[in-house]
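As structure tokens, the structure follows; a few thoughts come after it.
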Amino acid sequence: MQGKRPDLDQRIQNAVFGLPLVRPDEQHRCLGTFYERIELRISFAEALKYNCSGVLQRLLKENSKYQLLINGQLDMDIMGQYIQSAKQNGVLFAIRNSQYYRADSNSAAVILCADHALNRDTVDALERYPQLNKDV
């Protein structure tokens, strides 16, 4: 009976506080996913200044197994464009609202990710697609 006590304590801790996260700081910066799974990351500054929907649309057509994560603090008009793109391409999407997800200019507003590691060298939209800067 004595050996069951630590297991019971751990179950109670998980029930009260939730399951512990692996690399929680990274998951908070990446809307609940890991950096190595990201295909494209659009910051709040990029989402508000540039129209990234064309680039995103192209990536969604290439791989419909991706998932779109959207920060719930993003402007509803902009969020609607990304949701519409996801629906048109049959891609799963989730709107993430948590006190841990920031909404400053460098924080993630939209993340296109996979369920496995992609290990992209560049995931930021403006760095990867500099033509966005010229389209403004």
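The values are calculated or read from the model by the stated rules, or taken from the named source; none is laboratory data. These figures come from a predicted structure and were not determined experimentally. Methodologically, a virtual Cβ is constructed for each residue, glycine included, from the backbone with ideal geometry; neighbour enumeration extends over all protein chains shown. Areas reflect the complete protein model, heavy atoms only, side chains present, ligands, DNA and RNA absent. Shrake-Rupley method; radii C 1.70, N 1.55, O 1.52, S 1.80 Å.
If Leu112 meets every condition in (1) in contact with a His (Cβ under 8 Å, 6 or more places away or on another chain); (2) closer than 17 Å to Glu36 by Cα apart from one, which number is that one?
(1)
Counting only residues that are in contact with a Cys (Cβ under 9 Å, 6 or more places away or on another chain) and within 19 Å of Tyr100 (Cβ to Cβ), how many does the stretch 1-59 have?
Qualifying residue count for the region: 8.
What are the residues in the stretch 102-127 that are open to solvent by 30 Å² or more (accessible area, probe 1.4 Å) and within 15 Å of Leu74 (Cα to Cα), if any?
Passing the criteria: Arg102, Ala103, Asp104, Ser105, Asn106.
So Glu39 passes all but one of these: (1) of a type in the set (D, E, K, R); (2) open to solvent by 50 Å² or more (accessible area, probe 1.4 Å); (3) touching a residue at least 60 places away in the same chain (Cβ under 8 Å); (4) not in a loop (DSSP other than H, G, I, E, B). Which condition number does it fail?
Among (1) of a type in the set (D, E, K, R); (2) open to solvent by 50 Å² or more (accessible area, probe 1.4 Å); (3) touching a residue at least 60 places away in the same chain (Cβ under 8 Å); (4) not in a loop (DSSP other than H, G, I, E, B), the lone unmet condition for Glu39 is (2).
Only one residue in Ala86, Ala45 is free of Cβ contacts under 8 Å to residues at least 40 places away in the same chain, more than 30 Å from Asp9 (Cβ to Cβ), part of a helix (DSSP H, G or I) and aliphatic (A, V, I, L, M), so which one is that?
Just a single option satisfies the conditions, and that option is Ala86.
Report yes if some residue within the stretch 128-136 is in contact (Cβ under 8 Å) with a residue 24 or more places away in the chain, more than 23 Å from Arg29 (Cβ to Cβ), hydrophobic (A, V, I, L, M, F, W, C) and open to solvent by 70 Å² or more (accessible area, probe 1.4 Å); otherwise report no.
Yes, the stretch 128-136 has at least one match.
Could you list, in sequence order, the residues of the stretch 104-132 that are modelled with pLDDT under 95, touching a Phe, Trp or Tyr at 6+ places or on another chain (Cβ under 6 Å) and outside any helix (DSSP H, G or I)?
Listed by number, the residues that qualify are Ser105, Ser107.
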